[in-house]
Amino acid sequence: MTTMLGLSLTGRRVVFVGGGAVAARRIGRFLDEGALVTVVAPDLGAHVQALVDAGRVEWVARTAVETDIDGAWFVHTATAVPSIDAAVAAWCERARVFCVNTSDGAHGSARLTAETRVGDVVVGVASDAGVDPRRSARLRDAIGAALRSGALPLRRRRKAAGRVDLVGGGPGPADLMTVRGRRLLAEADVVIADRLGPTDVLTELDPDVEIIDVGKQPHHHPVPQEEINALLVAHARAGKRVVRLKGGDPFVYGRGGEEVAACLAAGVPVEVVPGLTSAVSVPEAAGIPVTHRGVSSGLHLASGHGEPSPSTLAALADDSVTTVFLMGVASLARIVAAATAAGAPDSRPVAIVERGHTREQRTTRSTLGAVVADAAAVGVSNPAVLVFGDVARADLLLPTTQEVGDPRR
């Protein structure tokens, strides 16, 4: 019968007897834990020799003797000579030091598990009777994949230090989130969520996870940004794992920088998980590449709020640049007028992609001279992404979704 234990070897002496291929594969785990590793062997393989040369491992260049295990907390013997490994294991037995004996793992006093780490969770897999490392490794990989996907229960049940993770949820579908984002959601005690993004994934969370809706709509911000910042800090200070779930990417017009600054000012640990920005992913859903060889060699991203900047005007007038506007539906007429004044031709292709990556996705293709009228005719509304440039031509790539407007304009 094998009992699974987690041993802390940080700052503690670990002795490897043998410096060949097996030691090379395993020694890194102990170094990563902060163990003080000594290798006892007359010769070393290239990998272990490199660790010695780098000063990470102490080397005793001879055959092992019993006193080599003095002061050790853990011993690993892998000489490829069963009689030597058995002798080392016997020394450890007398000294009451746990020992991995690779010559006969079933009879060693310790075994190394097949290990996977996800966040602050470590899972080890070992056979209870006999040694079957390939089976253990395959099972470890399957468990690790499930942990990283957020499919297994990862939430803490005891209070610990609180923290905040700003998670970019991408354009909406849960399967377009990053694996890390899904895993952090599975760990969360509190989720502070926007209106856009993968809100369907919230139904998968434990019933006692607190979900706070702070979604903003055009001209309607029920929870001001300052209050959102305060919520993040307050819940983290209460020892909660907080996920700020945003649509797109937190640092692309998501005010993520302000939220990070608020957490740092309050002394709250905070990290940012990137997400697919709608500036690229929504045009992609409509079959529009924001850059394309021989058509567009650059991308300019702008917000529809306020007057277009000089750099935005220059991009709109440049045949070789794609200009993408987020939050630009209400400002469409103003953007078109500014682009025309900057010298952009009326024939410049324009595409408006509404509700990208949803069943209601719709693309309106037009030109700079006609897009205001075309958008009004079909009732274009938010959320939408505006694409200006030759990449918006209907004949550039095959359309992938329902489109309206006359592509021959």
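Got a sec? Which of S296, S309 is of a type in the set (S, T, Y), touching an Asp or Glu at 6+ places or on another chain (Cβ under 7 Å) and assigned by TED's automatic domain parsing to the domain that holds L397?
Within the list S296, S309, the selection yields S296.
Restricting to the range 67-83, give me the number of residues that are buried (at least 17 other Cβ atoms within 10 Å of the Cβ) and assigned to a helix (DSSP H, G or I).
2
So which residues in the range 77-118 are touching a Phe, Trp or Tyr at 6+ places or on another chain (Cβ under 6 Å) and of a type in the set (S, T, Y)?
S109
Sort out which residues of the range 183-211 are in contact with a strand residue (DSSP E or B) (Cβ under 9 Å, 6 or more places away or on another chain) and charged (D, E, K, R), and write them in order of number.
Answer for the range 183-211, where residues must be in contact with a strand residue (DSSP E or B) (Cβ under 9 Å, 6 or more places away or on another chain) and charged (D, E, K, R): R183, E187, D189, D194, R195, E210.
Restricting to the range 284-305, what's the tally of residues that are exposed (fewer than 15 other Cβ atoms within 10 Å of the Cβ), over 24 Å from R355 (Cβ atoms) and not charged (D, E, K, R)?
Of the residues in that region, 3 qualify.
Is there any pair linking a residue in the range 20-49 that is in contact (Cβ under 8 Å) with a residue 60 or more places away in the chain to one that is buried (at least 20 other Cβ atoms within 10 Å of the Cβ) and in a helix (DSSP H, G or I), with Cβ under 8 Å and at least six apart or on different chains, and which?
Within 8 Å, the pairs are G20/V48.
Give the range 250-276 a look and list any residue that's under 22 Å from R182 (Cα atoms), charged (D, E, K, R) and modelled with pLDDT of 95 or more, or say none.
Within the range 250-276, E259, E271 qualify.
Can you pull out the residues in the range 122-133 that are surrounded by fewer than 17 Cβ atoms within 10 Å (Cβ to Cβ) and either in the same structural domain as D104 (by TED's automatic domain parsing) or at pLDDT below 75 (or both)?
D128, A129, G130, V131, D132, P133
Which ones in the range 102-118 are in a strand (DSSP E or B) and either of a type in the set (D, E) or touching a Leu at 6+ places or on another chain (Cβ under 6 Å) (or both)?
Matches in the range 102-118: E115, V118.
For residues in the range 357-383 being in a strand (DSSP E or B) and without any contact (Cβ under 8 Å) to a residue 60 or more places away in the chain, which is nearest to L276 (Cα to Cα)?
Looking at residues that are in a strand (DSSP E or B) and without any contact (Cβ under 8 Å) to a residue 60 or more places away in the chain, I get R362.
Given the criterion of a type in the set (D, E, K, R) and within 23 Å of the chain's Cα centre (by Cα), identify the matching residue among D208, D249.
D249
Based on this model, can you work out whether P222 counts as outside the structural domain of R359 (by TED's automatic domain parsing), over 25 Å from D120 (Cα atoms) and either surrounded by fewer than 18 Cβ atoms within 10 Å (Cβ to Cβ) or modelled with pLDDT of 95 or more (or both)?
yes
Would you mind telling me which numbered condition in (1) basic (K, R); (2) farther than 23 Å from V214 by Cα; (3) within 27 Å of the chain's Cα centre (by Cα) R293 fails?
Every listed condition holds for R293 apart from (3).
Checking S281 against (1) surrounded by fewer than 17 Cβ atoms within 10 Å (Cβ to Cβ); (2) outside any strand (DSSP E or B), only one condition comes out false. Which one?
Going through (1) surrounded by fewer than 17 Cβ atoms within 10 Å (Cβ to Cβ); (2) outside any strand (DSSP E or B) one by one, S281 breaks only (1).
For the range 340-356, name all the residues that are crowded, with 19+ Cβ neighbours inside 10 Å, over 34 Å from the mean Cα position of the chain (by Cα) and assigned to a loop (DSSP other than H, G, I, E, B).
Hits for the range 340-356 are A344, R348.
So which of C99, C92 ends up being assigned to a helix (DSSP H, G or I) and touching a residue at least 12 places away in the same chain (Cβ under 8 Å)?
Going through C99, C92 in turn, just one is assigned to a helix (DSSP H, G or I) and touching a residue at least 12 places away in the same chain (Cβ under 8 Å): C92.
Taking the range 347-356, which residues are of a type in the set (A, V, I, L, M, F, W, C) and free of Cβ contacts under 8 Å to residues at least 60 places away in the same chain?
Those that are of a type in the set (A, V, I, L, M, F, W, C) and free of Cβ contacts under 8 Å to residues at least 60 places away in the same chain: V350, I352.
Which numbered condition trips up V52, out of (1) loosely packed, with under 15 Cβ neighbours inside 10 Å; (2) free of Cβ contacts under 8 Å to residues at least 24 places away in the same chain?
All conditions are met except number (1).
So P283 clears everything in (1) at pLDDT below 95; (2) out of contact with any His (no Cβ under 7 Å at 6 or more places or on another chain) except one condition, right? Which one?
(1)
In the range 233-264, which residue that is in contact with a Pro (Cβ under 9 Å, 6 or more places away or on another chain) and part of a strand (DSSP E or B) is surrounded by the most Cβ atoms within 10 Å (Cβ to Cβ)?
Within the range 233-264, the match that is surrounded by the most Cβ atoms within 10 Å (Cβ to Cβ) is R244.
I'm checking my understanding of the structure. Among residues of the range 51-66 that are in a helix (DSSP H, G or I) and in contact with a helix residue (DSSP H, G or I) (Cβ under 9 Å, 6 or more places away or on another chain), which one is nearest to A24 (Cα to Cα)?
L51
The values are calculated or read from the model by the stated rules, or taken from the named source; none is laboratory data. Not measured: the values here are computed from a predicted model. In this analysis, Cβ positions are derived from the backbone assuming ideal geometry, glycine residues included, and neighbour counts consider all displayed protein chains.
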